[in-house]
Amino acid sequence: MTTLASSDVDTIDHSETISEGLPDFTTEEYKDAYSRINAIVIEGEKEAYDNYISLGALIPENAAELKRLGVMEKKHMHGFTACGRNLGVKPDMPFAKKFFSRLHSNFQKASANGNVTTCLLIQAILIEAFAISAYHVYIRVADPFAKKITEGVVKDEYLHLNYGQEWLKENLDKCKEELIKANKENLPLIKSMLDEVAKDAEILHMDKEELMEEFMIAYQDSLVEMGLDNRQIARMALAAVV
Ligand code: PL3
Ligand code: FE2
Ligand code: FE2
């Protein structure tokens, strides 16, 4: 059996152990991936603001609350803009606009047709669960500046998810059919968006499996809270793979 001599032990660099798993935030490779991921988050927060304002017009009795949620999204957008600036990265906004375009147009169509259930599923459930999963994973590998901002943001995202969840729970009898249909059309878009971002996320040390797990936890928890049973939840979740 080999044992370490005490002089070998003394040479172990403990700073290495502490920063294990964290990427080098200054490399060109990191900054290049960050220019797309940062843009996605900025665009996502901006569209979330617009979506909550649109929802306020569809649910006038909750317009003030929805405006408050929207204002939080604007703050998130500014926070993430500062994260990019802090690293000296210019966000690739045209890429991000394209990234969200299919989901965005589905939201806008539903909003124009007054389909509140579809709008809530897209923004308050799918997009918020996506954001919650991404932010949780990102917090573990972010630079200290972005970590602090993201920790504040993720708390708000639960409030947004909760708003949609409670509205859908109260109206479940009337909206279940539309909920299932909207899920079938939009959950696959979330899956393909995740596939699209996976390579850049990996460069930020964000693992795809972990992102999927975190998403499924937030998504399924909210369906349980709405009052759906196990079989209905399994069917809805399977829409991501078929
Ligand atoms: C609504 O509150 C937020 C909508 C934003 C959705 C963003 C999803 C981001 C997926 C990509 C991974 C991001 C990691 C975070 C980096 C700043
Ligand atoms: Fe947000
Ligand atoms: Fe949000």
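Just so it is clear, none of the values below were taken in a lab; they were calculated from the coordinates. On a predicted model such as this, the values are computed, not experimentally measured, just so you know. Neighbour counts are summed over all protein chains in view; Cβ atoms, including those assigned to glycine, are modelled from backbone coordinates with ideal geometry.
Brief remarks on what is shown
- 14 Å Cα-Cα reach of LYS169 towards aspartates and glutamates, excluding residues that sit fewer than 8 places from it in its own chain: GLU177, GLU178, ASP221, GLU225, ASP229
- Anchor LYS148: lysines whose Cα lies under 27 Å away (excluding residues fewer than 8 positions away in-chain): LYS31, LYS46, LYS67, LYS74, LYS75, LYS90, LYS97, LYS199, LYS208
- Each residue in MET93, MET226 was given a count of other beta-carbon atoms within 10 angstrom of its own, and listing them fewest first yields MET93, MET226.
- Divided by 2.2 N^0.38 Å, where N counts the residues, the Cα radius of gyration of the chain comes to 1.13.
- Using Cβ point charges alone (K and R +1, D and E -1), the dipole size of the stretch 15-120 about the Cα centre works out to roughly 540 debye.
- Global form of the stretch 43-124, assessed from the alpha-carbon gyration tensor, a/c cut-off 1.5: oblate
- Rounded to the nearest 20 debye, the dipole magnitude of the stretch 138-242 is 200 debye, with +1 charges on Lys and Arg beta carbons, -1 on Asp and Glu beta carbons, and the Cα centre as origin.
- Between the helical axis of 93-112 and the longest alpha-carbon principal axis of the chain there is an angle of about 20 degrees.
- Label point 7 Å beyond Cα of LYS148 along Cβ direction - residues of the stretch 62-92 with amide nitrogen under 19 Å: 75-89
- Taking each residue as 0.36 nm, the span from LYS74 to LEU172 lengthens on full extension beyond its C-alpha to C-alpha distance by 32.3 nm.
- Ordering 147-153, 157-163 by mean Cβ neighbour count within 10 Å, with the highest value first, yields 157-163, 147-153.
- Remark: the chain carries a charge dipole of roughly 1180 debye about the Cα centre, counting +1 on each Lys and Arg Cβ and -1 on each Asp and Glu Cβ.
- Ranked by how many other Cβ atoms sit within 10 Å of their own Cβ, fewest first, the residues MET216, MET193, MET206 fall in the order MET216, MET193, MET206.
- Extension reserve of the MET212-LYS98 stretch, reckoned as 0.36 nm per residue once the Cα distance is removed: 38.9 nm
- The stretch 38-57 and the stretch 167-209: distance between their alpha carbon centers, rounded to Å: 16 Å
- Cα gyration tensor category, rounded, prolate or oblate, for the stretch 71-170 with a/c compared to 1.5: oblate
- Helix 208-226 and the longest principal axis of the Cα set of the chain meet at an angle near 30°.
- Tensor-based shape of the stretch 133-242 (alpha-carbon gyration tensor, a/c under 1.5 rounded, otherwise prolate or oblate): oblate
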